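Following: one structure in structure tokens, then a few remarks.
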Amino acid sequence: MNVRFSKQEEDFRAEVRVFLEPWRDLDGFFGQGLKWKRVRELFCAMGERGWLSLSWPEALGGLGRGPAYEYILWDEVGYARAARNPLSAGIVARSLIRYGSDAQKARWLPPIRSGELHFSLCYSEPEAGSDLASARVRADREGDEYIVNGQKCWQSYAQDMDYLWLLARTGTQESRGRGLSLFICDKNAAGVTVSPLPTLDDDQLNEVHFDGVRVPVSDRVGPENGAWSIMGEALADERHIQFPPGRVRRDLDEMVEWVKGVGLAGDPVVRRTLADLAVQVREVEIYGLLVLDRMQKGRSAAAEVAANKVIHTVVCQNIARAIVDLGGPEALVIGSRPQLLWRQSMWETIGGGTTEIMRSIVAKQALGLGARR
Ligand SMILES: Cc1cc2nc3c(=O)[nH]c(=O)nc-3n(C[C@H](O)[C@H](O)[C@H](O)COP(=O)(O)OP(=O)(O)OC[C@H]3O[C@@H](n4cnc5c(N)ncnc54)[C@H](O)[C@@H]3O)c2cc1C
């Protein structure tokens, strides 16, 4: 691997840093649901610059840039703690670009690109998280509509989003991944109920219930029963921005500042722990760059992406745990940064695929252990 950013890319990084100055107090990377109004304003400001559609084709209003620009953008936004990359400009837009009809592209891509329209991802269900192919929410066709019934759970930000990006069963239960379709569903449609599920870090996930919800056939994305490959391809398109190393660099920098602030900087145990964590943060960055390198070369990166998710999220937890271990009671005061990082980092190894599932992918894809899916 030899990733070097070009002069233009480095200039872009500098531009992003300047742009982010007024947003550095936002802290929208954590507890986005509590700060949605400003996070949305941030996305609109990014949209004005074309930064939500950096890699989209120019014919669809994008800037047609390579993945390094997106990597740099979300790395800096992650370091600034401003926000997480929006699902709408990521998974939703990338799926529409590949599989949407011309009418769907014309209707949805402009407001996504401008940062005004946002989606919640409705994949997981109470009995279908790691094993998404067993999803049970049904969409049964009646004329020009589908009638949707069932329950989703763990939906991030659904309370604030405008639309739902819905995975539903259109085939038999036995057909597993081959019997699932994707839909765009209005969150305000009759029969949709969104209920909060509080999380450890004072934010919330949601349950979404569908009770006879009518979705026009024109809002199905891609072919009936064709969801599986659409989902996989959209994820593959944004592998380089899913876990920006800037978040972990910032965790470490905050820890160093905190240690200095509480007078622990001279303690040899603290210093050794920090040095060890600094090495781990470098490893996270190397994995992030490895994924980018694969993307730039158009090569498969499934094992690298899974490994990147494991190391990124485990190091988040290592840093948070170290502050709590070394800082003693001060680190556990409600409202303190160490305490928030501790509570927040716990779910990082679950959302977006658990550590066990990621390790399983590495074992199969990189080491050739066990049957391939
Ligand atoms: C903060 C957060 C945000 C989320 N946001 C969204 C969202 O916006 N939209 C959405 O649809 N979902 C969302 N999710 C759901 C997330 O994708 C699931 O929680 C995750 O995929 C795990 O599924 P599960 O919770 O059902 O756990 P399960 O799949 O029931 O797993 C339980 C335990 O068993 C282990 N396990 C399961 N299967 C295997 C296996 N084959 N081999 C080894 N171990 C296994 C898991 O690793 C885990 O430890 C979010 C979750 C979190 C925590």
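Where a number appears in this text, it was derived from the coordinates with a stated rule and is not lab data. These figures come from a predicted structure and were not determined experimentally. Backbone-built Cβ (ideal geometry, glycine too); neighbour counts: all protein chains shown.
A few notes on this one:
- Here the Kirkwood formula, the inverse mean of 1/r across different C-alpha pairs, assigns the range 243-332 a hydrodynamic radius of 13.9 Å.
- For the range 165-177, 3J(HN,Hα) computed residue by residue from phi via the Karplus equation (6.51, -1.76, 1.60; θ = phi - 60°) reads 9, 9, 9, 9, 7, 10, x, 6, 5, 5, 6, 6, x Hz, glycine and proline entered as x.
- In this structure, the amide hydrogen of Cys153, modeled 1.01 Å from its nitrogen in the peptide plane, lies closer than 5 angstrom to those of Ser124, Glu125, Val208, counting only residues at least 5 positions away or on a different chain.
- Taking θ as phi - 60° and the Karplus parameters 6.51, -1.76 and 1.60, the scalar couplings of the range 329-342 work out to x, 4, 6, 9, 6, 4, x, 6, 4, x, 5, 5, 4, 4 Hz in sequence order, x denoting glycine and proline.
- Within a Gaussian network of the chain (alpha carbon springs, distance under 10 Å), most fluctuating of Gly232, Gly28, Gly335: Gly335
- Using a cutoff of 8 angstrom between alpha carbon atoms and counting only pairs six or more residues apart, the relative contact order for the range 243-366 works out to 29 percent.
- Comparing mean-square fluctuations of Asp162, Asp276, Asp203 from a GNM of the chain with C-alpha springs under 10 Å, the top value falls on Asp276.
- Count Lys and Arg as plus one, Asp and Glu as minus one, and take only other residues whose Cβ is under 14 Å from that of Lys105; the net charge is then +1.
- Net charge over other residues, Cβ less than 14 angstrom from the Cβ of Val284 (K, R count +1; D, E count -1): -3
- 0 to 90° range, to nearest 10: angle between helix 36-48 axis and the chain longest Cα axis: 80
- Mean ellipticity per residue at 222 nm, deg cm²/dmol - from DSSP H runs of n ≥ 4 across the chain, formula -39500 (n - 2.57): -13500 deg cm²/dmol
- Across the range 240-256, rounded Karplus estimates of 3J(HN,Hα) from the backbone phi angles (6.51 cos²θ - 1.76 cosθ + 1.60, θ = phi - 60°) give 6, 10, 6, 10, x, x, x, 4, 6, 4, 5, 4, 5, 4, 5, 5, 4 Hz, Gly and Pro being marked x.
- Among Gly31, Gly288, Gly298: highest mean-square fluctuation, GNM of the chain, C-alpha pairs under 10 Å: Gly298
- Near Val221, the amide H atoms lying under 5 Å from its own belong to Leu182, Phe183, Ile184; only residues 5 or more places off or on other chains count, and H is placed 1.01 Å from N.
- 5 angstrom amide H check on Gln204, placed H, neighbours 5+ away: Gly33, Thr199
- Charge sum, other residues only, whose C-beta stays under 14 Å from Gln339's C-beta, Lys/Arg counted +1 and Asp/Glu -1: -3
- Percent breakdown of C-alpha pair distances by 10 Å bin, ordered from the shortest bin, for the chain: 5, 22, 33, 27, 11, 3, 0, 0
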